[in-house]
Amino acid sequence: MQVGMGFDVHRLVTGRKLVLGGVTIPFEKGLLGHSDADVLVHAVCDALLGAAGLGDIGLHFPDTEPALKGIDSIKLLEKTYKLVSQKRHTIINVDATVFAESPKLSNYRVDMQKNIARAIEIDPNYVNVKATTFEGLGMFGRGEGIGAMCVALID
């Protein structure tokens, strides 16, 4: 068995949709990035790639690639799953935490888990998504950005 860890962070800006775990969340700001900037899915991709010894998301899906401009990050996760599967790995589980002062994410957690599970072809019971605030501290606490961290176990 192998473990991988992923982390991602993006700045919150006006004029963008907020997408986390493949779910569009009503909010006055969205995350800035080359793709849809879904930090949760990016952290899952990095955790899986790391566990499989396949580098990171920037290696496989660079932000300099015009074809990836605005791409749905769930599609990147599906491609990540294929890369991991080609090395004959089985995904056991993923456990992720989103760092966001707002919006509150509890109402979207189950849908995020389902989207991630569908993309990596595992039972949603083996995908866990949590959210926490920074109690007003730092860039997350000031609402300047949202981050996510994920741990993945593969066999």
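Derivation of every value follows stated rules applied to the coordinates shown; laboratory data play no part. The structure displayed is predicted, hence computed values, not measured ones.
Please list, ordered by chain and number, the residues whose modelled amide H lies under 5 Å from the amide H of Arg11; skip anything fewer than 5 residues away on the same chain.
So Arg11 has HN proximity to Leu32.
Computed over the Cα atoms of the chain, what is the ratio Rg over Rh, Rh following Kirkwood?
The Rg/Rh ratio comes out at 0.95.
Quick check: residue separation of Asp155 and Glu65 times 0.36 nm, minus the Cα distance between them. What number comes out in nm?
Length gained between Asp155 and Glu65: 29.3 nm.
Strictly over 20 Å apart at the Cα level, which of Lys82/Lys114; Lys75/Lys104; Lys79/Lys130 would you flag in this model? Present the calculation step by step, with values, prior to reporting the outcome.
Working: Lys82/Lys114 18 Å; Lys75/Lys104 25 Å; Lys79/Lys130 24 Å.
Beyond 20 Å: Lys75/Lys104; Lys79/Lys130.
Quick one: 3J(HN,Hα) in Hz for region 97-113, Karplus 6.51/-1.76/1.60 with θ = phi - 60°, rounded, Gly and Pro as x.
My calculation for region 97-113 gives 10, 9, 9, 8, 5, 7, x, 5, 10, 4, 6, 10, 4, 5, 5, 4, 4 Hz in order.
For Glu101, enumerate residues with amide H under 5 Å from its amide H, sequence gap 5+ or separate chain, H modeled in the peptide plane.
Amide H to amide H, under 5 Å and 5 or more residues apart or across chains, Glu101 pairs with Phe134, Gly143.
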